[in-house]
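**Q** Have a look at this one.
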Amino acid sequence: MKTEKKVGRRDFIRALGAGAGVAVTVSGPLVEEAAADSESNDEKRKARYKADSADVQAYYRVNRYPAK
């Protein structure tokens, strides 16, 4: 008679999560420090939307409701 140890689903996921946590701490931080914004307040407030641009026109053309 074989005696195999059954691993439950929760135990498997718990072990998998513990292994991933160790891998992240060993490899080091994955996120770099945030850099300060280089835009001035006037540049942040300028209009960026251009209604006559090709991508905006294509969006409205594709998403137009069908005529009744």
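The values are calculated or read from the model by the stated rules, or taken from the named source; none is laboratory data. These numbers were taken from a predicted model, which means no experiment stands behind them. All Cβ positions, even for glycine, are placed from backbone atoms using ideal geometry, and neighbour counts span all protein chains on display. Each accessible area value is taken on the protein alone, full model and side chains, heavy atoms only, with ligands, DNA and RNA left out. Shrake-Rupley method; radii C 1.70, N 1.55, O 1.52, S 1.80 Å.
**Q** On the basis of being over 23 Å from the mean Cα position of the chain (by Cα), exposed (fewer than 10 other Cβ atoms within 10 Å of the Cβ), at pLDDT 75 or above and part of a helix (DSSP H, G or I), does Lys44 make the cut?
**A** yes
**Q** Moving on. Against the conditions (1) modelled with pLDDT under 75; (2) not in a loop (DSSP other than H, G, I, E, B), where does Arg61 fall short? Just the number, please.
**A** The one condition Arg61 does not meet is (1).
**Q** Which is open to solvent by less than 100 Å² (accessible area, probe 1.4 Å), under 24 Å from the mean Cα position of the chain (by Cα) and modelled with pLDDT under 85, of Val31, Val22?
**A** Val22
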